[in-house]
Amino acid sequence: MVNLTTTKMSSKGQVVIPEDIRNRLNLQVGSQFVVVGEKDVVIFKSITQPSMKEFDKLIAKARKQAKKTGLKRSDIHKAITEARGRK
């Protein structure tokens with residue numbers, strides 16, 4: 001169900017997310033968002049930190065894929081060094 005409401009932007013560019021939406025989405029002080037704007041559309045997508053269990057799954061998947069492709073630690077260190085502009 002979509003809850004439709006309106007809000008205003010302040011002179012400082014601040015926008016208040018209505019309380020019922022903050023509560024429903026469990027948004028807290030300090031919540032962070034990715035903001036996308038195109039023509040007359042502005043989208044706020046909350047950024048949530050993955051749980052350690054989710055993070056462990058992501059790491060395991062990345063390691064499995066790296067092993068499958070033959071990627072080595074030395075390859076990663078080399079890529080990081082090059083990206084940082086060091087030799």
Taking the mean number of other Cβ atoms within 10 Å as a proxy for protection, how do you rank 36-42, 58-64, 17-23 from highest to lowest? 17-23, 58-64, 36-42
Compute the angle between helix 52-69 and the longest alpha-carbon principal axis of the chain, please, reported from 0 to 90 degrees and rounded to the nearest 10. 40
Considering all alpha-carbon pairs of the chain, what whole percent are spaced by more than 23 angstrom? 54
Using helices alone, what [θ] at 222 nm do you get for the chain, with -39,500 (n - 2.57) per DSSP H run of 4 or more residues, divided over all residues and rounded to the nearest 500? -12500 deg cm²/dmol
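How would the range 1-48 be classified by its alpha-carbon gyration tensor: rounded, prolate or oblate, with rounded meaning a/c under 1.5 and the a/b versus b/c comparison settling the rest?
Rounded, because the longest to shortest axis ratio a/c is under 1.5.
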Can you give me the distance in nm between label points at Lys78 and Met52, each placed 7 Å from the Cα along the Cα-to-Cβ direction? 3.5
Folded to 0 to 90 degrees: helix 73-83 orientation relative to the chain principal axis, Cα: 60
Just how large is the dipole of the range 28-68 about the Cα centre, in debye to the nearest 20, putting +1 at every Lys and Arg Cβ and -1 at every Asp and Glu Cβ? 520
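All of the numbers you see were taken from the coordinates with simple rules; none came from a lab. None of these values were measured; they are calculated from a predicted model. Methodologically, a virtual Cβ is constructed for each residue, glycine included, from the backbone with ideal geometry; neighbour enumeration extends over all protein chains shown.
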